[in-house]
Amino acid sequence: MSVFETRISVRTYELDMLGHVNNAVYLNWLEEARLAAMQACGYEVRSLSQDWLTNIVRAEIDFRSPTFYGDEILVTTELEAVGRTSFTLQSEILKLPGRQVVATCRAVLVWLDLGGRPSPVPPELEGRWRRVETGSPGSVPVPEEE
């Protein structure tokens, strides 16, 4: 299964009064990485809400280490499971260099029809996720460690 990587640089407006990244910002980073992965799988972000919709119904984040202005961050995104109307993504937020784990996340998303009602996950989602080749715009699958 492809693991997508999205790089992010910590910006000043993401900091809280303690000088580290506010925990709510991690959800924004996860969304940015998720949309890049979906784009690489052929789900055009420009057509979001016109051709396809998803809604997060659960997000679990375990925070392990703070991040600060200037840190280089890598968010990995992997398809963990596909159900009838939902799918689960597993993500890690890593600090570069060294890939120190900053946070881990599991998110459950529901596929919606254009009326906003739960709809079957397209059967091609899992296949597209598996077949994406290195070099896709916005996100790059990385080989699994041996």
Worksheet entry | Convex hull volume per residue for the chain, taking Cα atoms only, in Å³ | 123
Worksheet, complete the sentence: In the range 3-122, taking the dipole from +1 charges on Lys and Arg beta carbons and -1 charges on Asp and Glu beta carbons about the Cα centre, the listed residue (15, 82, 35) farthest towards the positive end is 82
Worksheet item: Going toward the positive end of the dipole of the chain, with +1 on Lys and Arg Cβ and -1 on Asp and Glu Cβ, which of 67, 96, 47 do you reach last?
Response: 47
Response to the item:
The rounded separation in angstrom of the Cα centers of the range 49-101 and the range 14-31 is 14
Item to complete: Mind pulling the angle between the C-alpha long axis of helix 25-40 and the longest principal axis of the chain? Nearest 10 degrees, somewhere in 0 to 90.
Response: 40
Discussion item. With +1 assigned to the C-beta of every Lys and Arg and -1 to the C-beta of every Asp and Glu, and no other charges, what is the dipole magnitude of the chain about the Cα centre in debye, to the nearest 20?
Written reply: 260
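No lab work stands behind these numbers, since they all come straight from the coordinates. A quick note: this is a predicted structure, and the numbers were derived from the prediction, not measured. Note that each Cβ is placed from the backbone with ideal geometry, even for glycine, and that neighbours are counted across all protein chains shown.
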